[in-house]
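Okay, handing you the structure first.
The values are calculated or read from the model by the stated rules, or taken from the named source; none is laboratory data. Predicted, not measured: the structure shown is a model, and the values here were computed from it. Here the Cβ positions follow ideal geometry from the backbone for every residue, glycine too, while neighbour counts run over all protein chains shown.
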Amino acid sequence: MRKESIQDRYRMCQSARLLLLPLVFLSACHAKLPYEGKATAELEQMLRDPNPAVQAQGAFGLSRVGPEARSAVPSLIDALKKDSLVRQNAALALGQIGPGARDAVPALSEALSDSEWTVRRQAALALGQIGPEARKAIPALQKISRDPDPLVRRAVQKALNQIRAREDRDSKVRP
């Protein structure tokens, strides 16, 4: 049997580390996120958790569900009054629900005056995704079209274009 030198052992350990390290990272990347695999009702329940981090995860999870999360609109409207990340994710979810979130237009219009620019931006984007059903929000959107934050201004312009474009398309389709 051949005697291994210290250097040989060191090289073997280094090689083993190089092979195992990516496996460790890959296994960590496949960890299940708190909102994954949950039904709409479970995600909606997360919005009622006392922990704002859990509420934010629930709202984000509902954004991943999309239009099928329409039943959660009332809970998401309530979430627009909570912690800033919860408000932002609630607006994101309402936007992903789209026209089915039309009942949230007044609450999203109110969120356009939020102290956090991220919430104002997400509320504007959500109103645009809701489309012509959000036309009552046009005055509120125009009011913040000169927001100090350029990302909010861009979101407002995009929302106005989406609301008007869909409105124009819909009026051309009708006889």
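Condition (residue is buried (at least 20 other Cβ atoms within 10 Å of the Cβ) and in contact with an Asp or Glu (Cβ under 6 Å, 6 or more places away or on another chain)) applied to the range 118-128: is it met by at least one residue? Break it down into steps so the answer makes sense when it comes.
Let us first name the residues in the range 118-128 that are buried (at least 20 other Cβ atoms within 10 Å of the Cβ), namely 119-128.
Next, from what is left, pick out any that are in contact with an Asp or Glu (Cβ under 6 Å, 6 or more places away or on another chain): 120.
Yes, the range 118-128 contains a residue that is buried (at least 20 other Cβ atoms within 10 Å of the Cβ) and in contact with an Asp or Glu (Cβ under 6 Å, 6 or more places away or on another chain).
Kindly list, by first and then second residue, each pair from a residue in the range 24-45 that is more than 14 Å from Val65 (Cα to Cα) to a residue that is modelled with pLDDT under 70 and in a helix (DSSP H, G or I), limited to pairs with Cβ atoms under 7 Å and residues at least 6 apart or on different chains.
Listed by first residue and then by second, the contacts come to nothing, as the list is empty.
So, one more: How about the range 78-175: which helices (runs of 4 or more DSSP H) wholly inside it have at least 1 residues that are at pLDDT 95 or above and under 19 Å from Ser63 (Cα atoms)? Before the answer, list the steps.
On the way: elements: 84-97, 105-111, 117-130, 138-143, 150-173.
The helices (runs of 4 or more DSSP H) meeting that bar are 84-97, 105-111, 117-130, 150-173.
Which numbered condition in (1) among the basic types (Lys, Arg); (2) at pLDDT 95 or above; (3) assigned to a helix (DSSP H, G or I) is the only one that Arg17 fails?
Every listed condition holds for Arg17 apart from (2).
On to the next question. Name the one entry in Arg87, Arg64 that is touching a helix residue (DSSP H, G or I) at 6+ places or on another chain (Cβ under 6 Å) and touching a residue at least 24 places away in the same chain (Cβ under 8 Å). Talk me through it step by step, then tell me what you get.
Details: Arg64 fails: touching a helix residue (DSSP H, G or I) at 6+ places or on another chain (Cβ under 6 Å).
When all the criteria are applied, what remains is Arg87.
While we're looking at this one, here's another question. Does the range 41-54 contain any residue that is modelled with pLDDT under 95, outside any helix (DSSP H, G or I) and over 25 Å from Leu125 (Cα atoms)?
The answer is no; no qualifying residue exists.
Does Leu85 satisfy the condition of being aliphatic (A, V, I, L, M), exposed (fewer than 15 other Cβ atoms within 10 Å of the Cβ) and farther than 21 Å from Glu133 by Cβ?
Details: aliphatic (A, V, I, L, M): yes; exposed (fewer than 15 other Cβ atoms within 10 Å of the Cβ): no; farther than 21 Å from Glu133 by Cβ: yes.
Judged against the criteria, Leu85 is not a match.
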